[in-house]
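Down below is the structure, laid out as structure tokens.
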Amino acid sequence: MEEMHFVYINASAHIGAHSINSVSHSENHIQGICHLTQSIKTFRKDRVLKNYSSAHEAQQACSSFLPEHYLHLTKITKAKSPTFDVCFTGFKKADKERLIEVAEAHSLTVRSSVTQNLQMLCCGYNAGPSKVTTARMKGTVIIDEEGFVHFIKTGEIPHV
């Protein structure tokens, strides 16, 4: 089971040490189970400042990173890539149609199933476990509707 320990800067320019296991990778994101909260967390790869071999090392090094040196990583950007694939599952029909409209208005490609190139699976209250499991195995980022709305506004996948 892959484990990662690293120093990370978020969109608000907060620098912190993080440790995750059950790590999966997509083109632009890392996702895993946070040691502290035991919940799934997602991180942008370009905001990982440095990897460490232990949680203690990452925590010790955290204070040596100054936010003002990394502000270029914190700019809020909208998702623009026309090749960003998203799938919506577990939503009522009207909610799913609304989300698809939002995604398409932001040049995202909407998929109806979990494909090899799917980058994000947005899950509603009734998401099936097989789709979620398949997405995790492929390294797809999994978020809820609130997380999707945040992603559309900021280009960042939020921490839960």
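The values are calculated or read from the model by the stated rules, or taken from the named source; none is laboratory data. In this text the structure is predicted, and so the values were computed from the model without any measurement. Cβ coordinates were reconstructed from backbone atoms using ideal geometry, including for glycine residues, and neighbour counts include every protein chain displayed.
Answer with yes or no whether T154 is surrounded by fewer than 17 Cβ atoms within 10 Å (Cβ to Cβ), touching a residue at least 24 places away in the same chain (Cβ under 8 Å) and out of contact with any Cys (no Cβ under 9 Å at 6 or more places or on another chain). Considered against the rule, which asks whether it is surrounded by fewer than 17 Cβ atoms within 10 Å (Cβ to Cβ), touching a residue at least 24 places away in the same chain (Cβ under 8 Å) and out of contact with any Cys (no Cβ under 9 Å at 6 or more places or on another chain), T154 comes out as yes.
Restrict the check to the stretch 101-108 and report whether at least one residue is at pLDDT 90 or above, under 19 Å from the mean Cα position of the chain (by Cα) and over 17 Å from K153 (Cβ atoms). Checked against the condition, which is being at pLDDT 90 or above, under 19 Å from the mean Cα position of the chain (by Cα) and over 17 Å from K153 (Cβ atoms), the stretch 101-108 yields no hits at all. Listed conditions (1) more than 21 Å from A135 (Cα to Cα); (2) out of contact with any strand residue (DSSP E or B) (no Cβ under 6 Å at 6 or more places or on another chain); (3) crowded, with 16+ Cβ neighbours inside 10 Å are all met by Y52, apart from (2). In this structure, does L66 turn out to be farther than 18 Å from L121 by Cβ, of a type in the set (A, V, I, L, M), under 20 Å from the mean Cα position of the chain (by Cα) and not assigned by TED's automatic domain parsing to the domain that holds I142? Taking the combined requirement at face value, the residue does not satisfy it.
Among the residues of the stretch 16-48, the one identified as surrounded by fewer than 19 Cβ atoms within 10 Å (Cβ to Cβ), more than 16 Å from the chain's Cα centre (by Cα) and closer than 18 Å to Y70 by Cα is G16. Checked across the stretch 110-121, the condition of being assigned to a helix (DSSP H, G or I) and surrounded by 18 or more Cβ atoms within 10 Å (Cβ to Cβ) holds for no residue. Summed over the stretch 125-160, residues that are over 15 Å from F84 (Cβ atoms), in contact with a strand residue (DSSP E or B) (Cβ under 7 Å, 6 or more places away or on another chain) and of a type outside the set (A, V, I, L, M, F, W, C) total 6.
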